[in-house]
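A.B. asks: Have a look at this one.
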Amino acid sequence: MNRKLVAIVLALFGPWGVGHFHLGRRILAGVWLAIPSLGLMALGALVPVIGPRFGWGVAVVLPVALMVGAWLASFIDLLRLPDSLALKVPVWQTVGFFVLGLAAPVVASAFVRVLVLEAFVVPTQSMQPTVLAGDRIFASKSDRRARYGDVIVFKSPEHPDQMLVKRVMAMPNDVLELQRGRPFINGWKVPSCTVGNVTLDGESGELDVEFLGEASYLVFYDSAVPVAQHAGPLYASSDGVLVLGDDRNDSADSRTWHGGLDGNVSKSALRGRALFVWLRLNPSDDRRFGIDLSGVALPSSLEAVRPDVDRCLAAPPPAFPPPAFRH
């Protein structure tokens, strides 16, 4: 079979550079092989920078577009190589390069997942309307600081093999209490603004905008779920935080873990700070990509209340943390 044709087939179905290698262009093959691995690491580091500046939709599309463009460039470069200058390469060497080419991106993606950015799937509705059931989210692994109002990903305090997504409400040494689901931190009521009654995923309840630290976000109070008149006090340890779900009446969180005796999420259990939804398939929202989780994320099914949400956001309370707990 024509060696150039074999190289083209290998390039179409194999790793980057394998076609060049099969034609004896070893150095060029190594360059093309390195590009996707280095690109994955570079883009993984750049996504948290690109997103806040240009939008998370751009942060999702741009890396994909760049990688596709680079692959097309490698394929065009292979097509321009003259077959007459093709050097004979032993089959075992081509096979070895093929295996190396498959392994390199796997190693690079593992590096990105461990140190920079990791994808998670949200299985429940406990964080709606901010995060919907089935959402695929990206979390920053390079910034594991927990701050008031952050959405974090962490190992379940009761089942460490499970990953959970909740919102940070209390920092180390804080005391958290709730009155009918409304949070008080060190005796200070977390400010909120009532949007109105809505129906979310088939359930009716009250929608609020809540303000904590520098964060503002939506909270849903499901009217069909009984809520305790009072919960707490819950004590954040010196190396832990307390968290709640945005579906405030229907969330297993710091109020319920270990029988309500210890709802702490330790620093060692924290896997990352949730940045954005990179894929949403839930029918409650028409948006599919790049949904920012650092602020108010209103699903399209609730678009009718956007004027009321905007009214709440137009007059936010001062952005300051709760007062320190006084023993």
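The values are calculated or read from the model by the stated rules, or taken from the named source; none is laboratory data. For clarity, every value in this text was computed on a predicted model and none was experimentally measured. Counting neighbours? That spans all protein chains shown, and the Cβs are built from the backbone with ideal geometry, glycine included.
A.B. asks: Filter region 19-36 for residues that are within 18 Å of A108 (Cα to Cα) and either surrounded by fewer than 24 Cβ atoms within 10 Å (Cβ to Cβ) or hydroxyl-bearing (S, T, Y) (or both) and give the result.
C.D. replies: G30, V31, L33, A34, I35, P36
A.B. asks: Looking at D285, D308, can you tell me which residue is part of a helix (DSSP H, G or I), in contact (Cβ under 8 Å) with a residue 24 or more places away in the chain and either among the acidic types (D, E) or not assigned by TED's automatic domain parsing to the domain that holds V122 (or both)?
C.D. replies: Of D285, D308, the one residue that is part of a helix (DSSP H, G or I), in contact (Cβ under 8 Å) with a residue 24 or more places away in the chain and either among the acidic types (D, E) or not assigned by TED's automatic domain parsing to the domain that holds V122 (or both) is D308.
A.B. asks: Residues V68, V114, V91: which one is loosely packed, with under 14 Cβ neighbours inside 10 Å, within 23 Å of S156 (Cβ to Cβ) and not small (G, A, S)?
C.D. replies: Sole residue among the options that is loosely packed, with under 14 Cβ neighbours inside 10 Å, within 23 Å of S156 (Cβ to Cβ) and not small (G, A, S): V114.
A.B. asks: Condition test on G232, is it surrounded by fewer than 15 Cβ atoms within 10 Å (Cβ to Cβ), modelled with pLDDT under 90 and of a type in the set (G, A, S)? Don't jump to the end; show me each part of the working.
C.D. replies: Numbers: surrounded by fewer than 15 Cβ atoms within 10 Å (Cβ to Cβ): no; modelled with pLDDT under 90: yes; of a type in the set (G, A, S): yes.
So G232 does not fit the description; no.
Condition check ((1) at positive phi; (2) among the aliphatic types (A, V, I, L, M); (3) outside the structural domain of T130 (by TED's automatic domain parsing)) across all residues:
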residue	(1), (2), (3)
P191	no, no, no
G196	yes, no, no
T199	no, no, no
E210	no, no, no
Y217	no, no, no
Y235	no, no, no
L242	no, yes, no
G245	no, no, no
D250	no, no, no
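A.B. asks: A further question follows. Return the only residue of R248, R255 being among the basic types (K, R), within 18 Å of N173 (Cα to Cα) and touching a strand residue (DSSP E or B) at 6+ places or on another chain (Cβ under 9 Å).
C.D. replies: It is R255.
A.B. asks: Take the residues in region 171-185 that are over 24 Å from R144 (Cβ atoms) and not charged (D, E, K, R); name whichever of them is surrounded by the most Cβ atoms within 10 Å (Cβ to Cβ).
C.D. replies: That would be L178.
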